[in-house]
Every structure is written in C-alpha cells, then in structure tokens.
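The values are calculated or read from the model by the stated rules, or taken from the named source; none is laboratory data. Treat the numbers as computed from the prediction; the structure is a model and nothing was measured. All Cβ positions, glycine included, derive from the backbone under ideal geometry; neighbour counts span all protein chains shown.
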Amino acid sequence: MRLLAALACTAILAAPAFAQQLAATPPMGWNSWNHFADKVTDADVRSAADQLVSTGMREAGYIYVNLDDTWQGTRDAQGVLHPNSRFPDMKALADYIHSKGLKFGIYSGPGEKTCGGYTGSLGHEAQDAKMYAEWGVDFLKYDMCSFWDNRAEATKAHPNDPNAARDVMIAAYKKMGDALKATGRPILYSLCQYGVDQPWKWGPSVGAQMWRTTDDIDDSYGRMVMIGFSQAGLSKYAGPGHWNDPDMLEVGNGKMTTDEYKTHMSLWVILAAPLLAGNDLSKMTDTDKSILMNKDAIAIDQDPLGRQGDRLYQSADIDVWTKPLSNGRVAVGLFNRAWGPRDISVDLSDIGFKSGGNVRDVWQQQDLGHKAGVFTSTVPRHGVTLLIVSR
C-alpha cells in the first residue's frame, strides 16, 4: 500500500501508449442509466444502438453503447456471474452492437454489491474480466458504492494512517485494472467513485482512461452548473488517454431549457469531458439532435491537442472559460448564470490574439469575421455564447 500511496501523491500527466490508443480523445457514446435506470432491458440497449446509427450520432462520434447497473443475476457454484432475465444472452447483445459499427460497455463495481444492490465483482475480478472479454466488452464502468464499507474498515484497522482508506481504494481499482489488461482485449476502464480520494492523481496508475470527478449529475440546471464549474483547476490532470469525467450528459431528458442544455454541452466540450448521452434516443427532438450533434462543439471536445479547458475569470453570475485547440485556435465559453440576459466580454488579447482573430459562433453556426480587442456578446438567461477564435 505504501507504493500505491506514493503513486497517488504524483500527478501523472502522460498516459501510457496503450491508454492513449483506447482514448486518444474523450470517449463518446450513450449510457442507459440517466433515462432507463433499473428498468433497462436488452431491447432498450439494442434500440439505442439502432438509434445511434439512424440519427447520425455514430457518424458524429458517439460509438459506445454502455449498459449501466442492474443487468446482473447471480453467481453459480463456480463463481460465474450470470445476467438476469432481462438480458438473456450478453454475447449476442455485444455481437449485435458490434454489427452496427459500435462498441459495447458494461458496469460493475469493486464491492460485494453494486449501487443498485446487484452482484459486484469483489473477489471475482479476474473471473469477471475474462468473462467480459469473452462477451466482447469494450468499456467497463467500475462503480464504488458498497466499497464505502471497505474504506471505513481500513480506517478503523489503521487509525494512525491517514492514507489507509485511499490505499485500499487504489488497490481495489488496480486489481480490476490489472485483470482487464491480463485479458489481452482492449477494454476502456472508467472509474466511478465520485471524485473521492482525488482519482485524477492516481487513475492512470491503476490502468484507467477516465475517472469521475464529482457526485452524480441530474437533469437540473443548478446541479449541472455546480458540477461543471467545479472542474476549475483540474485541467492539468487530463490529456490523451486520461480524462476527467464530470458525469454523463442530460441533454434531451426534458427538465432544462434549450439554453440550459447548450450551456451543459458547451461546458462539457470545453472540459474535454467524455460525451455520454443519457437520454431516450428514440424520442429526440430536432433541438436535442442539434445540440448533441453540433459539429463545431464536438470538434472542440475531440480536438487532437487533447487539452482540457479552464476558467479565465469569474465575476458574480458570469463565467468565462477557454480551451486551447490545435493550430493555435482557442475555444471560448461566455456563460451567464443570471436570471436575465447579460453582456459578457472577453479581451481577445488576453487569450493570445493581440492583433485579433477570426471568430466563429458555434451555436449560431456563423462566422463573425475578424475581431480585435474586446469582444462582447449578449447572452440569454442561463445561456452561453460558445466561440472558436483562430488566426
């Protein structure tokens, strides 16, 4: 554990080549939890795969079809975990998803039980990893949940060691990371432990390509902006093969306004966050599609430079964020958290354009021409102006 503690104290800024191949840019896809939760079925997952293709989302980059919690049944006498009755044949499900040119993701956790009370992987890590590989799994979300008890026990057992709980956490995630690697199949490893023990500092050391930095999101403006803006200062821990994950997208679930959903998408792409849609893809409106599939927004997220953005400045209910892009370009987000419209400005010389630059408005899908000095936009309530500035 002392070695693990040492690893945890080091910010790892470059991921191994294996990790970079799995996630050279932030992963994109769909996850079942936000909309279907514990009611998800094999048919729902197949339908999501169909919709990713028919809507054009696959071509836009959304390639992972991730089945979240509640698929598990029970283990047999040999310890093999069988799916429950809602998922009669996992290999067939994976094959169907692969036949669509997509990738298949699944869910487990390091505890005895998952968040939903279903069977976890504790004590069966290598066995489960081998089974996932045999099914054709491409992505594993590994959720902490019942492992809270193990952390508490570690603290009790080592009252004089302030790192005991973190060490047992890192060891548990490393065990599954090693098991996945041993299968020989490239399986993207996503840590879900809500930012506990600062996973951005040790995630790469356990074989992960992404890690949650916050507690769960929900389909509300207040929760979404609290999570998004709390990412300030974490940009140095992200890059090709290792990404901070502020949780899934709520776009299309219906409880935010169009401007609020544009704010959501804009924040996530500036953060170089994984883009995992969490809505019912069969019921998307044209507006939902225009937000989730905006080519300029996705290009900001998927920029090959692989830099996460950060806050430039904050003043009362105004936030200005920037993200360095390839070829000397910069993405700029002007965010208005007020209850009415606000004029928000950015001095282009402050972001490296002393002689000005060419400005494109991402949501208006319009080139605004060459601008110099202070650029000002009137931003609606809870809205955003998202720009790309180039030489």
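Quick look at the values:
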item: Every residue from the stretch 267-317 that is without any contact (Cβ under 8 Å) to a residue 40 or more places away in the chain and among the basic types (Lys, Arg); result: 283
item: Residues (modelled with pLDDT under 90 and not in a helix (DSSP H, G or I)) located in the stretch 142-164; result: 159, 160, 161, 162, 163
item: Any hit, the stretch 64-81, residues being without any contact (Cβ under 8 Å) to a residue 40 or more places away in the chain and charged (D, E, K, R); result: yes
item: Single residue of 178, 167 found to be part of a helix (DSSP H, G or I), in the same structural domain as residue 22 (by TED's automatic domain parsing) and crowded, with 17+ Cβ neighbours inside 10 Å; result: 167
